[in-house]
1. Restricting attention to the range 274-297, does a residue exist that is of a type in the set (K, R), surrounded by fewer than 22 Cβ atoms within 10 Å (Cβ to Cβ) and either over 22 Å from the mean Cα position of the chain (by Cα) or not in a helix (DSSP H, G or I) (or both)?
2. Filter the range 304-345 for residues that are under 16 Å from Q458 (Cα atoms) and of a type in the set (D, E) and give the result.
3. Name the single residue that is nearest to L185 (Cα to Cα) among those in the range 435-481 being hydrophobic (A, V, I, L, M, F, W, C) and buried (at least 23 other Cβ atoms within 10 Å of the Cβ).
4. Test T237 against the stated conditions and say whether it is under 30 Å from T436 (Cα atoms), hydroxyl-bearing (S, T, Y) and touching a Lys or Arg at 6+ places or on another chain (Cβ under 8 Å).
5. Checking the condition charged (D, E, K, R), at pLDDT below 90 and either over 28 Å from the mean Cα position of the chain (by Cα) or not in a helix (DSSP H, G or I) (or both), which residue from E82, E43 passes?
6. Is the range 287-297 home to any residue that is small (G, A, S), within 21 Å of V168 (Cβ to Cβ) and not assigned by TED's automatic domain parsing to the domain that holds V153?
7. Among the numbered conditions (1) within 25 Å of T37 (Cβ to Cβ); (2) under 28 Å from the mean Cα position of the chain (by Cα), tell me where Y182 comes up short.
8. Of all residues in the range 230-273 being in a loop (DSSP other than H, G, I, E, B) and of a type in the set (A, V, I, L, M), which is surrounded by the fewest Cβ atoms within 10 Å (Cβ to Cβ)?
Amino acid sequence: MLAVLKTSVLVTYSIVISLLSIYVFHALLMVILYRRTKRKTTESKPGMDQYPFVTVQLPVYNEKYVVERLIDSVCRIDYPKERLEIQVLDDSTDETTEIAHAVSAKYTRLGYDIKLIHRDDRMGYKAGALRNGLERCKGEFIAIFDADFIPPVNFLNETLPHFRDAKVGAIQGRWSHLNDNYSFLTRGQALGLDAHFVIEQTARSRSGTFINFNGTGGIWRKEAILDAGNWQYDTLTEDLDLSYRAQLRGWNLLYLNDVVCCGEIPTEINSLKTQQHRWAKGAIQTAKKLLPRVLRADISRLAKFEAFVHLTNHVAYPLMLGITLCSVPLIVIKVNCEDARSYFNWVTLFTICAFGHPLFYSYAQRELHKDWSRRLLYLPALFAWGLGTSVTNTKAILEGLLNIESPFTRTPKYRIERKGDTWQDKIYRSKPPLTTGIEFALAFYTSAGVIYSVVHLQFLIVPFLILLSFSFFYTGFLSVFHAVRR
């Protein structure tokens, strides 16, 4: 019986770590592609002598704290009023609608073409709102900003000239952060987002592989949206879905690292879990829907590999959960089974790959900030919430694979812009998911592994087990603490 258990654990761990190595290798590949294409900057275009008609869409749902800031910032964009239409796509069920109506009326009196389009049924959620607005918009180009974003004044002047290339279907700008220094949690998120935009999006855009529109901070050619099949709401990531459908139709998507849109990072962990659950489930839904078409498409092998990893990258979460579950039995096997020593020597080769992700995140900070070395002190924050949310995201992956329906749950925004701001007195609140109990169980489980390893002098594994234990305690404790804190 013990021999069967040992074989099962070793085989399972070998499969998990081999699959996870693909995603670690991908992180290294992104750094390599970024370095190779670094000098291949996106050619700047001359200013415009003609101003195409642009529609700015602002999808909002119960955003009373940020909707006024959003409309104010859009109306500050440097562009002729007579060539600009603003649609406030409002699905709200609270006083957000009244606030948006009052602000819209103020700017209408100032000569802006701004319309509040309110829906009561919320069919299709954000994708449904965007599609509804698209049916009545005037613009040849559609800029989209979520409620927690502030577009730069020069956004349209910096992006529209690139559409002189008739094959460009959309342009994505880089996300910056209004509140990245608010807490340990927000600092960790900022590191992860910076790596995605600075390294991944740049490398993909300049190497000819598929990139994704990130849902906000970007602009579409209306023709590309319609040609790709319009906004669809059979996945929770309508932006990723449309991006791939458009590129499969031959449209090019560009990423401009110098066009920066500031946004608000979730400051409360249950909101972050909601966001991550939606992204993970939506990505795997999109993979099921489009990956077969991508693999059959007439594109390079590099583009197919990159698309496969891109669409399935959240699978890394259940793989990390598998490593967590295997970690304690592995130590027991190592201590008690002499014949398994050679196996652990082999596994060490894969363990070295674990340095791929720290390099990936570190390189992004080096490219983005002068004080990048100081910012790397917050890498444990990134790994803590990343590992700690593996339970929530594994649940999301399983729901996506098994076609379990769930609504589009938006991430609450509280207008947190600086350290003195607070979300504790705000009415929007995400509840701690039921998976929080599993996080605490895994925290105690890995803590027991730490004790066992120390007792049996297996010190090399102790730092990794401590990181796992801290991560699950951290996310579990914050989930409860943030749920009850006022």
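1. So in the range 274-297, the residues of a type in the set (K, R) come out as 278, 281, 288-289, 293, 296.
Narrowing the set further to residues that are surrounded by fewer than 22 Cβ atoms within 10 Å (Cβ to Cβ) leaves 278, 288-289, 293, 296.
Okay, now just the ones that are also either over 22 Å from the mean Cα position of the chain (by Cα) or not in a helix (DSSP H, G or I) (or both), so 293, 296.
Yes, there is a match, as at least one residue in the range 274-297 is of a type in the set (K, R), surrounded by fewer than 22 Cβ atoms within 10 Å (Cβ to Cβ) and either over 22 Å from the mean Cα position of the chain (by Cα) or not in a helix (DSSP H, G or I) (or both).
2. Passing the criteria: only E338.
3. Applying the first criterion (hydrophobic (A, V, I, L, M, F, W, C)) to the range 435-481 yields 438, 440-444, 448, 450-451, 454-455, 457, 459-462, 464-468, 470, 472-473, 477-478, 480-481.
When the remaining residues are screened for being buried (at least 23 other Cβ atoms within 10 Å of the Cβ), the result is 442, 465, 468, 472, 478.
On the way: L442: 20, L465: 21, L468: 16, F472: 14, L478: 10 Å.
Going through the qualifying residues, I end up with L478.
4. Working: under 30 Å from T436 (Cα atoms): yes; hydroxyl-bearing (S, T, Y): yes; touching a Lys or Arg at 6+ places or on another chain (Cβ under 8 Å): yes.
Here the answer is yes, as T237 does meet what is asked.
5. Values: E82 fails: at pLDDT below 90.
Of E82, E43, the one residue that is charged (D, E, K, R), at pLDDT below 90 and either over 28 Å from the mean Cα position of the chain (by Cα) or not in a helix (DSSP H, G or I) (or both) is E43.
6. First pass over the range 287-297, keeping only residues small (G, A, S): 287, 297.
Narrowing the set further to residues that are within 21 Å of V168 (Cβ to Cβ) leaves 297.
Then drop every residue that is not not assigned by TED's automatic domain parsing to the domain that holds V153, which leaves 297.
Taking every residue of the range 287-297 in turn, at least one turns out to be small (G, A, S), within 21 Å of V168 (Cβ to Cβ) and not assigned by TED's automatic domain parsing to the domain that holds V153.
7. Failed condition: (1).
8. Going through the range 230-273, the residues in a loop (DSSP other than H, G, I, E, B) turn out to be 230-237, 249-251, 264-268.
Narrowing further to those that are of a type in the set (A, V, I, L, M): 236, 265.
Working: L236: 27, I265: 24.
Going through the qualifying residues, I end up with I265.
The values are calculated or read from the model by the stated rules, or taken from the named source; none is laboratory data. Treat the numbers as computed from the prediction; the structure is a model and nothing was measured. Positions of Cβ are backbone-derived with ideal geometry, glycine not excepted, and every protein chain shown enters the neighbour counts.
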